[in-house]
1. Net charge within 9 Å of D173 by Cβ-Cβ distance, Lys/Arg positive one each and Asp/Glu negative one each, not counting D173 itself?
2. Near K63, which lysines are there with a Cα under 22 Å away, not counting those fewer than 8 places off in the same chain?
3. Using a basic spin-label model with each label point 7 Å from the Cα along Cα→Cβ, how many nm lie between T169 and A183?
4. Which of L126, L13 has the fewest other C-beta atoms within 10 Å, and how do the rest follow up to the most?
5. In a shell of Cβ-Cβ distance under 13 Å around L132, excluding L132 itself, what net charge do Lys and Arg (+1) and Asp and Glu (-1) give?
Amino acid sequence: MTPSSAEAPVTQLLARARDGDAQALGSAYLAVYDELKRAARAQLRRMRDGFQTTALVHEAYLKLAGGADLKAVDRNHLLALSARAMRQVLVDDARARKADKRGGGQEALTLSAALGDQASAVVEVLALDELLTGLHKLDARAAQIVEMRYFGGYEEAEIGELLGLSERTVRRDWRKARAFLLAELQG
């Protein structure tokens with residue numbers, strides 16, 4: 001299977017990045033930047049989080065660029081890793097907000113006063129992260145689909161294309177993952 005014409009330059013840039021070219025990862029990220037902003041915008045709209053779209057994309061890039069061993073091999077893999085990095089950025093932010101509400105050397109505030117309308121988003125991100133970790137142990141592909149759908153903002157057809165799966169398989173795994181997550185949430 002040969003990469004598409006849009007995918008080939010990103011694949012080449014990622015190969016150069018793995019070989020030590022410090023600027024190649026930035027160029028590869030720039031090539032998929034608009035798509036990442038669209039995914040981040042969809043995610044943040046759903047979460048009502050305090051993050052700005054551009055800030056989330058940039059923080060995800062910093063997380064990827066700071067990694068000791070970049071493993072992305074092509075455009076689709078870079079997008080999947082970026083969705084995971086966005087998840088990690090949002091989870092780290094939610095943990096920090098939760099820690100801040102516990103004191104952090106400041107005067108005690110209630111959760112709603114400390115976080116405003118974002119309190120439920122913080123709890124939701126942290127709970128979903130914990131559940132996804134459990135789901136990953138049971139079904140890594142289903143967990144990746146949830147991650148790409150929820151944190152990456154991708155639709156089923158896009159996920160299928162990125163992962164090399166049929167849309168029907170993605171839909172089936174998405175339903176299975178949602179059932180697992182709901183069962184876990186209901187206790």
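Coordinate-derived values only; no laboratory data. What you are looking at is a predicted structure, and each value in this text was computed from that prediction instead of being measured. Note: ideal-geometry Cβ built from the backbone for every residue, glycine included; neighbour counts use all protein chains shown.
1. +4
2. K37, K71, K98
3. Placing both labels 7 Å beyond Cα along the Cβ direction yields 2.3 nm.
4. L126, L13
5. Details: positive: R84, R87, K137, R141, R149, R178; negative: E124, D129, E130, D139, E147, E184.
Here the count lands on 0.
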